[in-house]
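Trainee: I am attaching a structure below and will ask some questions about it afterwards.
The values are calculated or read from the model by the stated rules, or taken from the named source; none is laboratory data. None of these values were measured; they are calculated from a predicted model. Quick reminder, even Gly has a Cβ in these numbers, built from the backbone with ideal geometry, and neighbours come from all protein chains shown. Ligands, DNA and RNA are excluded from the accessible area calculation, which covers all protein heavy atoms including side chains. Shrake-Rupley method; radii C 1.70, N 1.55, O 1.52, S 1.80 Å.
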Amino acid sequence: MKKFLLSFALLIISTVMYAQEKIEASGTVIDATGEGIIGATVKEKGTGNGTITDLEGHYKLNVQKGATLVLTYVGYKTMELPAGKDTKITMEEESNDLAELVVVGYQVQRKADLTGAVSVMDMKGPVSQSDPNILNSMQGKLSGVDIVTDAAPGGGNTSIRVRGMSTVNACDPLYVIDGVATTENLNSLNAADIESIQVLKDASSASIYGSRAANGVIIITTKHGKAGKMAINVNYNAALQTVAKSYKMLSADQWGQAYWQASANDGIAPTGAASLYGTGSAPSLASSINGVNTSNTDWQKEVYGSAWTHNLSASISNASEKGSYLFSGNYIHQDGLMNYTFYKRITGRVNSTYNFNKYVRIGENLMIAKWDNRGTDTNSDAGTPYVAMRQHPAIPVYSSPGVFTDPVSMIGSDIPNPVQTLYNSRDNTNSSWRIFGNAFIELMPIKNLTLKSNLGIEHVQFLSKTLTRNVRATDDTSNRAVSRGYGQGDTWTWTNTANYMFDIKGDHHFNILAGTEAIKYTYEDLSATRKDYAFEDADYMQINSGSGTATNGGGKQEWALFSFFGKIDYNYADRYLLSATLRRDQTSRLSKDNNAGVFPAFSGAWRVSEEKFWKRNNIVNDLKIRAAWGQNGNSAIANNYAAYSTYAYDLGNGAYDLNGTNTNVVSGIKVVSTGNPDLKWETTTQTNIGLDAYLFNNTVTLNLDYYWKNTKDMITMPPVLSVAGENAVKYMNTGTMKNHGFEMNLGYHSPQYGDFSWDGTLNFSMYRNKLVKLNDEVSIIGGDFRLIEGEPMGVYYGYVCDGIFQNEDQVSNHAIQEGKGVGRLIFRDINGDGKVNENDRCIIGDPNPDFAMGLTLSASYKNWTLSTFFSGEFGFDIYNGTRKQLEFMTYGNLYTNRSEDILNAWSTTNTSATIPALTTVDDNNETRMSTYFIEDGSYFKCKYLKLSYNFNQKWMSKIGLSALNVYAQVENLFTITSYSGLDPEVPLSTYGARIDNGPYPRARTFSAGLNIQF
């Protein structure tokens, strides 16, 4: 018994002594900027005892007295140090970006932990310093992200596609700004406020956003105050925009020569233009006509001119242990290349956080922007660029001082005076406001658990005024009109999340996210028009001032979405990475039996280089293989009430003479649209495999991805029989579409060679699109630009042009073709039935590129940096509609201008020409849709060339500055292309077709600016 008691006492004493040798090690792990590092592993050396740092970089760990701590974090050098209390540890970065934090759905992850396909925008690379829309600066920078820019002031119609088009409906991605989702354009956002941009491209990374993420997600995080002294930043840029290219049109004399030649070819006298050129053997331009002196007007020079852009941004920010703040303001004024067109915007931002204590944190991000813009019609026959190209050169701008020439009264031309058109729009306005932001509260009740409630708001409104002025002084006052429009959209987003991070035995790391989200959108609009104004003073022309007909309209639309979502991330020893996501969305756009959709995703990655069998080497420093699968949904069609039938009172087709009076009718109710209660979500399923590698001492980075992206239950509107009644057509889930593609990113960061270093990044992407099925009723939709089952989106459909008939034998041996003749275009008899007609039309072009690329190069020597960016798209077709006007005397009004290229049209002495013989009669229908107007749009473009200089910091400190950078930049420096139009970057049109009908001209911009930091 004594021995037992003695042994028990010794055991108790030794246990107490052992416990007394334990200590609590604690501290904070930070990076070089003073920011806490989240998720760094802290382990007691030689044991499995460990923990990870929390959201502020803090850690606590019970260890043996005298123990050594080992700190590891991907992208940082491993550290060892004695265990202590309240230790502040600064980790040193490796020469790679694996530790870079990337914002993904409702979370932040290390780049090393990503298992999906995510592209990160390099915000330090060359971007447009003068463009109000950050999307234009993103063009070509990210693989798999295709951006077609809008050259008009403000760039409001810039379009973006992530991994091609996955539906015949809306293909725009979802934008998430500081955690709040939106589909509004980004041209109200100040680029200087942006900290980072990430694009979630595959379903596994985007599925956390469920039904709104089928077309990709672009996550934008704005700047916040950083620890240290208060920082003041001022940026100013002045840019001169010039017209990069214009058409070479006929002079007034050349026009007469061309018309005389066309008449001679037709064997007729040139009497059609007698009032201008007489009827002699050679054209002789009259000195005046109908009292107006003739001229030799270059209408493009009259309409276009150089324009300035001024961009001023300023911010003040700071941070401490209690919180952070950032105040910023921006003013940008961009005048357009066309007179009276412009875009100007003022933006203010407040971002702040406040830490009550280690358990409670609040914050907000708020942007208020107001912008005004005035545009003009473009990319159509009636658009100003097209009219400036086609107006006759003999017509002067002014018939007398201050009086615009009227082409109708002068020569009978119905083509308007484009200078007057712009002048008459001088008081048109479009004024908009946008309030966008969020407020949140974070609770951290226990270590590594964060509860967050975030309330987001977006308010967008516009007020427009359009004045219709008389063209001639003799026009009736009833032609004058005022149109006003007002619209307001409000979106409320309430998101609640719980995020818990923990580890087991040091090597098993878990990150669990769960949340709910409620979204409500309301849009209302009003419109009014009044005619008949006594005079045209802009202040006088108000709705109530008119005396003529007044009309009005308005409407309201709403939709709502409620969601549950969750995500689990698992990381074993930075070696094996697994992620699972599930989101359930319930929408008001669909009927109650089909309004809920569940969207799962799974992904995993293997960091091969972390395996024990992997020998450390200087060739492959880090290697990760990824695989992912997931689903997203889409119900974003034009009609928010497609699942429900809607009705309206109608005095027309819905009215009946119920009382038998034969004189009076009673309004009735008619179907406006037929609903489909069985309508359900479009579902896009995407599979992705990828590889990430850091090579040659981390100087080279390589990312490869291949994906399959398939959409089923695509929403279309199949046709119905006429007997079904008016408006019987309805939305149905009938279509299927497939995409697959490949993406590559290759980067190089050179060592420092004395005072010199250089960097380069190359991205490459390609995709293939196929419309598998439309519906059971039709396999084709559209006319010249079509959806055809088994083909890519937006293919061009028409005739194949085989050149020009060179002789009579060729004409007689060709199939029956109405209007054929020597010097005329040859159209192919596709089906071989001996005649050319509509049955010989076929697919003649594809607007989808074979591949796209972007190349950034940067070299630094001492304080100088020279950087440039190139982008290109290859293997896509453009329908060049301007050639109808430029090359055919028969297109449009007789008195319209043509390109000087027609002076080299086909003739018996110029048989190698590609333009058919000039004619005034188009019996051959040569402006029909054909390969004559389809051109290869491939291009390689130098988007930016920038030279900057950083002044010596020691010198700057003497005058109270932290830094001073000055720069000069050229944008749109050159374009290598075979395309005959002004620029191959033409807007996307119907079904993704690329149609050139005279869009807003693209500028070559020269700018200079400076960045001052206090």
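Trainee: In region 807-895, which chymotrypsin sites (Phe, Trp or Tyr not before Pro) are in a loop and have at most 12 other Cβ atoms within 10 Å, using DSSP for the loop call? Present the calculation step by step, with values, prior to reporting the outcome.
Mentor: On the way: sites: Phe827, Phe851, Tyr861, Trp864, Phe869, Phe870, Phe874, Phe876, Tyr879, Phe888, Tyr891, Tyr895; in loops: Phe876, Phe888, Tyr891, Tyr895.
Nothing satisfies the criteria.
Trainee: Dipole magnitude of region 615-674 about its Cα centre, charges +1 at Lys/Arg Cβ and -1 at Asp/Glu Cβ only, in debye to the nearest 20? Intermediate results must be reported in sequence, preceding the final value.
Mentor: Details: 5 positive and 3 negative charges, 183 e Å.
Charge dipole of region 615-674: 880 debye, to the nearest 20.
Trainee: Sort region 928-981 into rounded, prolate or oblate with this rule: let a ≥ b ≥ c be the square roots of the eigenvalues of the Cα gyration tensor; rounded if a/c is under 1.5, and if a/c is not under 1.5, prolate when a/b is larger than b/c, oblate otherwise.
Mentor: Details: a/c = 8.16, a/b = 5.96, b/c = 1.37.
Prolate, because a/c is 1.5 or more and a/b exceeds b/c.
Trainee: Let me ask something additional. Points 7 angstrom from Cα along the Cβ direction at Ser320 and Glu80: gap in nanometres?
Mentor: 4.0
Trainee: Given R₀ = 35 Å, FRET efficiency for Tyr644-Tyr570 by Cβ-Cβ distance, to 0.05? Write down the numbers at each step before the final one.
Mentor: Values: r = 44 Å, r/R0 = 1.24.
For R0 = 35 Å, the calculated efficiency reads 0.20.
Trainee: Further, regarding this structure: Given H placed on each backbone N at 1.01 Å, which residues far from Ser907 in sequence or on other chains put an amide H within less than 5 Å of it?
Mentor: Ala913
Trainee: Right, here's the next one. Can you pull the one-decimal nm distance between simple spin-label points at Lys670 and Leu463, each 7 Å off the Cα toward Cβ?
Mentor: With each label placed 7 Å out from Cα toward Cβ, I get 3.6 nm.
Trainee: Round to a whole angstrom and tell me the spacing of the C-alpha centers of region 222-276 and region 107-173.
Mentor: Between the Cα centre of region 222-276 and that of region 107-173, the gap is 27 Å.
Trainee: Okay, next question. About the Cα centre of region 122-169, what is the dipole size in debye to 20, counting +1 per Lys and Arg Cβ and -1 per Asp and Glu Cβ, all else neutral?
Mentor: Working: 4 positive and 4 negative charges, 32 e Å.
Dipole magnitude for region 122-169 comes out near 160 debye.
Trainee: Give the carbon-plus-sulfur fraction of the accessible surface of region 505-658 in %, rounded to a whole number; probe 1.4 Å, heavy atoms of protein chains only.
Mentor: Details: 4520 of 8030 Å².
Answer for region 505-658 is 56 percent, counting heavy atoms of protein chains only.
Trainee: Which loop chymotrypsin sites (Phe, Trp or Tyr not before Pro) in region 918-968, with loop taken from DSSP, have no more than 16 other Cβ atoms within 10 angstrom of their Cβ? Mind showing how you got there, number by number?
Mentor: Details: sites: Tyr932, Phe933, Tyr939, Phe940, Tyr944, Tyr949, Phe951, Trp955, Tyr967; in loops: Phe951.
Here the chymotrypsin sites (Phe, Trp or Tyr not before Pro) that fit, given the DSSP loop and packing criteria, are Phe951.
Trainee: Return the FRET efficiency for the residue pair His310, Asn893: r is the Cβ-Cβ distance, R0 is 41 Å, and the value is rounded to the nearest 0.05. Don't skip to the answer; put the middle values down first.
Mentor: Values: r = 40 Å, r/R0 = 0.98.
Using R0 = 41 Å, I get an efficiency of 0.50.
Trainee: Based only on the alpha carbon positions, what is the Kirkwood hydrodynamic radius of region 563-659, in angstrom?
Mentor: Values: mean 1/r = 0.0540 Å⁻¹.
With all distinct Cα pairs of region 563-659 included, I get 18.5 Å.
Trainee: Can you figure out the FRET efficiency of Leu526 with Ala238, using R₀ = 45 Å and their beta-carbon distance, to the nearest 0.05? Each step should come with its number before you reach the end.
Mentor: On the way: r = 39 Å, r/R0 = 0.87.
Working from the Cβ atoms, E equals 0.70.
Trainee: Something else now. Please compute the length gained on full extension between Asp476 and Leu762, using 0.36 nm multiplied by the number of residues separating them and subtracting their Cα-Cα distance. All intermediate terms of the calculation are to be shown ahead of the outcome.
Mentor: Values: separation 286, 0.36 × 286 = 102.96 nm, distance 6.13 nm.
My answer for the length gained is 96.8 nm.
Trainee: Now, a different point. Sort Ile959, Ile194 by accessible area with a 1.4 Å probe, largest first.
Mentor: Working: Ile959 115, Ile194 5 Å².
Reading off the accessible areas and sorting them downward yields Ile959, Ile194.
Trainee: If you don't mind, there's one more thing I want to ask. I'd like the carbon and sulfur percentage of the solvent accessible area for region 322-412, probe radius 1.4 Å, heavy atoms only, ligands and nucleic acids excluded. Could the numbers behind the result be given before it?
Mentor: Working: 2120 of 3540 Å².
Result for region 322-412: 60 percent of the exposed heavy-atom area is carbon or sulfur.
Trainee: So with the 1.4 Å probe, I'd like the accessible area per residue for the chain, rounded to whole Å². Spell out each step's value before the answer.
Mentor: Values: 44570 Å² over 1014 residues.
That works out to 44 Å² per residue.
Trainee: Okay, next question. For region 39-80, which whole percent of the accessible surface, found with a 1.4 angstrom probe, sits on carbon and sulfur atoms? Before the final figure, lay out each step's value.
Mentor: Details: 840 of 1790 Å².
The computed percentage sits at 47.
Trainee: Here's a follow-up. Give me the log10 of I(q) over I(0) for region 827-904 at q = 0.14, 0.18, 0.21 Å⁻¹, as the Debye formula computes it from C-alpha points; what are the numbers?
Mentor: For region 827-904 at q = 0.14, 0.18, 0.21 Å⁻¹, log10 I(q)/I(0) is -0.84, -0.98, -1.02.
Trainee: Could you give the length gained by full extension between Ser409 and Thr990, i.e. 0.36 nm per residue of separation minus their alpha carbon distance, to one decimal place?
Mentor: Values: separation 581, 0.36 × 581 = 209.16 nm, distance 3.70 nm.
Here the segment from Ser409 to Thr990 would lengthen by 205.5 nm.
Trainee: Name the trypsin sites (Lys or Arg not before Pro) in region 478-560 that are in a loop by DSSP and that have at most 10 other C-beta atoms within 10 Å, would you?
Mentor: Details: sites: Arg480, Arg484, Lys505, Lys520, Arg530, Lys531, Lys556; in loops: Arg480, Lys505.
Qualifying residues, ordered by number: Lys505.
Trainee: Here's another thing I want to ask about it. How large is the dipole of the chain about the Cα centre if only Lys and Arg carry +1 and Asp and Glu carry -1, each at its Cβ, rounded to the nearest 20 debye?
Mentor: Working: 87 positive and 100 negative charges, 789 e Å.
The calculated dipole for the chain is roughly 3780 debye.
Trainee: Run the numbers for Ala264 and Leu947: contour at 0.36 nm per residue of separation, minus the present Cα-Cα distance, in nm. Intermediate results must be reported in sequence, preceding the final value.
Mentor: Numbers: separation 683, 0.36 × 683 = 245.88 nm, distance 5.70 nm.
Extending this stretch completely gives an extra 240.2 nm.
Trainee: If exposed means no more than 16 neighbouring beta carbons inside 10 Å and the site is in a DSSP loop, what's the longest run of the chain without any exposed GluC sites (Glu not before Pro)? Please report the intermediate quantities before stating the final value.
Mentor: Values: sites that count: Glu21, Glu35, Glu92, Glu100, Glu184, Glu321, Glu536, Glu611, Glu726, Glu777, Glu789, Glu818.
So the longest stretch without any such site is 322-535.
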